[in-house]
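Beneath this line is the structure, given in structure tokens, with notes to follow.
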Amino acid sequence: MNDKPTNILVIKLSALGDFILSTGPFKAIRNYHKHSNITLLTTSFFAPIAEKTGWFDNIHIDKKPKAYEFKEWLKLRKFFNGNNWSRIYDLQHNDRTSIYYRFLSKPKPEWSGIEKNCSHKHNNPDRDMLHTIERQIEQLEIAGITNVPDTDISWLKENIEVFNLPENFSLIVPGGAFHRKNKRWPEQEYIKLVKYLLEKNITPVLIGTNSEQDITTKLSNVSSKIINLTNKTSIGHIASLGRKAKLSVGNDTGPMHILSATGCPSLVIFSEESRPSETAPRGKLTEIIKSKDIKKLFFENVLGKIEKLLE
């Protein structure tokens, strides 16, 4: 633990799954800098979530300006140079945060990340092959933080009584990024899944957003007993639902990170386009399936894992 009062900045901009996987490191940084003022630089989507954690004293919004938005870039440069940072933890590691490092006037504050000549560089040449969690643990260890807890979303919750769900229900997350539909398990296999659950008197509950209504509508049409919560659930709702559900099944998408982290028995289906070894959701009861051709991954191929999870 570092007892010296300091001014700390943590950078984490996206995405939902990565943000959830970073909750252990967030908590570790808070524990290490107990008496410091800690600011999180993040995007507007994550600000309300970050406030709920209780780990940050301030939240600063990164508008991620385009190249031509000069005034916004000047504001960011002022933010980086006008707050007397003692140490900056870059948990994003991308081209944008490299620019932020170059913004800093000399002498630069301590920087935990991958930038050349930074004070606490994560210099493992195989870092990109590590899972996000192990990669961040190594990074923080170099910065002196040796106790990183597991993913923690105990603070993430919202009242789900408004949905009036039955006692036995399972969560189905059949969508994913609109521009990456090749990551989605085929709808005919999800249809087999919801029929299987109905036969076992387990109510399928569908989760998704407006961009995923195409598949959630088709699934909800299978039976009037299926509950469609498309565009009705907040991130807090999803966490609370996960703590009550008997099972969750879904594609490589943000909500599955939340559900896995709650301890919900979860099956996450990956296509060849993703690397579960680096980005998979983590949970005590989480199973991962990766298929080279997700269109040929049939319900019958995953039934064994589903039955195991339902035990």
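The values are calculated or read from the model by the stated rules, or taken from the named source; none is laboratory data. Only a predicted model underlies this, so the values are computations on that prediction, with no experimental measurement involved. Methodologically, a virtual Cβ is constructed for each residue, glycine included, from the backbone with ideal geometry; neighbour enumeration extends over all protein chains shown.
Any residue at all in region 182-200 that's in a loop (DSSP other than H, G, I, E, B), surrounded by fewer than 14 Cβ atoms within 10 Å (Cβ to Cβ) and among the aromatic types (Phe, Trp, Tyr)?
no
Do we have any residue at all in region 133-141 that's modelled with pLDDT of 95 or more and in contact with a Cys (Cβ under 6 Å, 6 or more places away or on another chain)?
no
Go through region 201-249 and count every residue that is free of Cβ contacts under 8 Å to residues at least 12 places away in the same chain and not in a helix (DSSP H, G or I). Reasoning before the result, please.
At the first step, the residues of region 201-249 found to be free of Cβ contacts under 8 Å to residues at least 12 places away in the same chain are 214, 221, 224.
Subsequent filtering for residues that are not in a helix (DSSP H, G or I) retains 221, 224.
Here the count works out to 2.
Within region 103-124, identify whether any single residue is modelled with pLDDT under 95 and under 21 Å from the mean Cα position of the chain (by Cα), and answer yes or no.
The answer is no; no qualifying residue exists.
List every residue pair whose Cβ atoms sit under 6 Å apart, with the two residues 6 or more apart in sequence or on different chains, where the first one lies in region 136-159 and is at negative phi and the second, anywhere, is of a type in the set (Ser, Thr, Tyr) and surrounded by fewer than 15 Cβ atoms within 10 Å (Cβ to Cβ).
Here the result reads 158/234, each pair linking region 136-159 to a residue that is of a type in the set (Ser, Thr, Tyr) and surrounded by fewer than 15 Cβ atoms within 10 Å (Cβ to Cβ).
Quick check on my filter: what residues within region 273-304 are in a loop (DSSP other than H, G, I, E, B), without any contact (Cβ under 8 Å) to a residue 24 or more places away in the chain and closer than 24 Å to residue 22 by Cα?
275, 284
Any idea which residue in region 58-104 is surrounded by the most Cβ atoms within 10 Å (Cβ to Cβ), counting only those that are aliphatic (A, V, I, L, M) and within 25 Å of residue 145 (Cα to Cα)?
88
Given 133, 137, 145, 153, which one is in contact with a helix residue (DSSP H, G or I) (Cβ under 8 Å, 6 or more places away or on another chain), under 30 Å from residue 232 (Cβ atoms) and surrounded by 14 or more Cβ atoms within 10 Å (Cβ to Cβ)?
Details: 133 fails: under 30 Å from residue 232 (Cβ atoms); 137 fails: under 30 Å from residue 232 (Cβ atoms); 145 fails: under 30 Å from residue 232 (Cβ atoms).
Among 133, 137, 145, 153, only 153 is in contact with a helix residue (DSSP H, G or I) (Cβ under 8 Å, 6 or more places away or on another chain), under 30 Å from residue 232 (Cβ atoms) and surrounded by 14 or more Cβ atoms within 10 Å (Cβ to Cβ).
Return the residue satisfying two criteria in turn: it lies in region 114-135 and is in contact (Cβ under 8 Å) with a residue 60 or more places away in the chain and in a loop (DSSP other than H, G, I, E, B), and of such residues it is nearest to residue 18 (Cα to Cα).
131
Considering only region 62-73, I want to know if a residue exists there that is in the same structural domain as residue 47 (by TED's automatic domain parsing), modelled with pLDDT of 95 or more and aliphatic (A, V, I, L, M).
no
Give the residue that is surrounded by the most Cβ atoms within 10 Å (Cβ to Cβ), with candidates limited to residues of region 206-247 that are over 19 Å from residue 264 (Cα atoms) and under 20 Å from the mean Cα position of the chain (by Cα).
Among those that are over 19 Å from residue 264 (Cα atoms) and under 20 Å from the mean Cα position of the chain (by Cα), it is 212.
So which residues in region 35-78 are in contact (Cβ under 8 Å) with a residue 60 or more places away in the chain and on the phi > 0 side of the Ramachandran plot, if there are any at all?
Correct list: 54 only.
Does residue 147 satisfy the criteria of being outside any helix (DSSP H, G or I) and more than 21 Å from residue 259 (Cα to Cα)?
Yes: the conditions hold for residue 147.
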